[in-house]
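Coordinate-derived values only; no laboratory data. In this text, all values refer to a predicted model and were calculated from it rather than measured experimentally. Note that we place each Cβ from the backbone using ideal geometry, even for glycine, and neighbour counts take in every protein chain shown.
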Amino acid sequence: MIQLTEIEGTGVRLLHLCERCAAERGVETTAAAPKPQISDFLQSVHQAMQATQGDAARCAFCSSTFRDFRSTGRLGCAHCYDAFEKSMRDLLRRVHGSSQHIGRRYESPASHVVPDGGTANELRDRLRRAIDSEQFELAADIRDKLRGME
Amino acid sequence: MLDLSLLPDGGIGWLDASGEHPDIVISTRIRLARNIEGYAFAGRARDGERLRILSQVEQAMRGMRELHHGVMLRVDEMPSDDRMLLHERHLVSRELAGLDPQRPVRSGAAVYLTRGTSVMVNEEDHLRLQAIESGLRIGSAF
């Protein structure tokens, strides 16, 4: 049974629908979701077991475990990065979507200097790129340079 | 009670509003964390290990002429009032000072102080270098 609450103006209407009537009305329900397969259940159990085994792994230098890291948020020594690499990468993928940096990168200040010369079109192109990358100080310099040319 | 004359500029030179834009920016602080190879990180290290780390740091500092005008203070040997004083002047962190009842001060906790610069030993990392200056002075602090 699906319980649907409709609010129309000042009135509230409560409907109790079967799965078929809910589907006809276009109501998305968890009942419409595919029933979990036994293979999905076994996979989740296997992942949980692997996580438990990973938590018990111990660093040979400082004797800390990945469970210690989970509880304190800190690794025990420099060797822990190697000892727990697999577990750390799994954790990074779950939390950040990747175990490698895939976002913006630092650019050295020298690359922010507007080079002399360049046509107005080239400067407009650089201005657009600077704005898109939120480098507003650089964009202001390019804008001033464009004004001087026009 | 801690003798404040031991602290270079009383530990509050950054409050003199001598930096840029002091009406907006009270101070600029830069902290760098470093760890020494061959030891567990400070949070995991045992007491003896932390004392060996401190000894190694002191030995290295004696060999640096630039650091001869400062003072090394053993935070782990201070009463709580003195540790609180250092923390209030932003010279040590709350963690190094052991001000949290659940996390008391640990052995080997120390701080080296010179004008505008401090080095905490055995805090969250083996070394925590800190430069603090009045106003907006990022380049100078770094």
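A few points about this structure:
- Qualifying residue in region B:49-70 (condition: under 12 Å from the mean Cα position of the chain (by Cα), of a type in the set (S, T, N, Q) and closer than 30 Å to residue A:58 by Cα): no
- Scanning region B:59-98 for residues that are more than 12 Å from residue B:111 (Cα to Cα) and basic (Lys, Arg) yields B:62, B:65, B:89, B:94.
- Within region B:13-25, the presence of a residue that is within 16 Å of the chain's Cα centre (by Cα), within 14 Å of chain A (Cβ to nearest Cβ) and not β-branched (Val, Ile, Thr) is excluded.
- Condition broken by residue B:38, with the remaining ones in (1) within 17 Å of residue B:108 (Cβ to Cβ); (2) surrounded by 13 or more Cβ atoms within 10 Å (Cβ to Cβ); (3) free of Cβ contacts under 8 Å to residues at least 24 places away in the same chain satisfied: (2)
- Of the residues B:31, B:44, the single one that is within 14 Å of chain A (Cβ to nearest Cβ) and closer than 25 Å to residue A:62 by Cβ is B:44.
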